[in-house]
Each structure stands twice: as C-alpha cells, then as structure tokens.
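Here's the structure we're looking at; comments come further down.
FYI, it's all coordinate maths here, none of it is from the lab. Source: prediction; values computed, not measured. Glycine gets a Cβ as well: all are built from the backbone with ideal geometry, and neighbour counts include every protein chain shown.
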Amino acid sequence: MDRQNPFEEIDRLFDRISSEFADFEPATGLSGEVAVDVADTGEAFEVTADVPGYTSDDIDVTLPDPRTVRIAASQETTTETGDEDEDHQYLRQERTRRSTSRTVALPDRVRKEDAEASYDNGVLTIRLPKQEASEGTDIPVN
C-alpha cells in the first residue's frame, strides 16, 4: 500500500489555482502601479503612461516639485441587481473601487506652467518642457 503525503495534494491544488489566476492581476489593473515610458525630446520630457479603463476625469496629474510627476487614477462603480421599477428592493448591490498611481523622478527640472497632458484610448501622454538652465546669481563679496 502506497501512503501519500496529504500536503502534496494541497500543493498541487495551489499550483493549479495559481496558474489559473496568473494573468488576473495585470488584466484588471489591480497591480497598483502605472507602467510608464519617459522620453527626452531635447526641449521636453514626454511621459507616456498606460491607464486603461479610466476616463480623463478619473486621472490626476500633479507636479509636486519641478523634477517629479505624479500620476493617480481612481474609479468607483456600482453594479445593481434587482427589479427596475421605482419601488424595487435591492437583492444585491455591489461597489467596486480601483485605483493606481505612479510617481516618476525626472532627470532635470521642468516648467510647471507649460506642462500639458492628454488621454486617448487608455494612454496618458504628458509633455513637460524643460526649465532653461540658469546662469545662477552673482553674490557680491564685501
């Protein structure tokens, strides 16, 4: 008679479950972090971010300082089930909230006042013109 280790069966079960859900997190945007590309065009930095499933109203782009850009997206939806008439009673009502964010450090300072952002088909594009290199300030020595 062959004795089996009961934990081997549990390990196989977890392996099977893990393989079934291996692609679940990225497909639903639950990973919590935005994938970005940062390009230097010479006069500006262009940040491209993948934020599918959101609207432009769901997305916030901020520049906390001249060398940092922060992208945040948040969305809340409600799914209702039950009768559609005025005096219906909910049998089930679900709420889903998802959010994602990313803070990107830039190699040089940018001009906040000239920054632009656009959102199309799940792709956010941010154009951040570089700040002119200053000559500095002369300080007279007495």
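Net charge within 9 Å of Ile71 by Cβ-Cβ distance, Lys/Arg positive one each and Asp/Glu negative one each, not counting Ile71 itself? Value of the local net charge: +1.
Hey, quick one: spin label on Thr48, modelled 7 Å out along Cα-Cβ, who in region 120-142 has an amide N within reach, i.e. under 20 Å? Label zone hits: 120-130.
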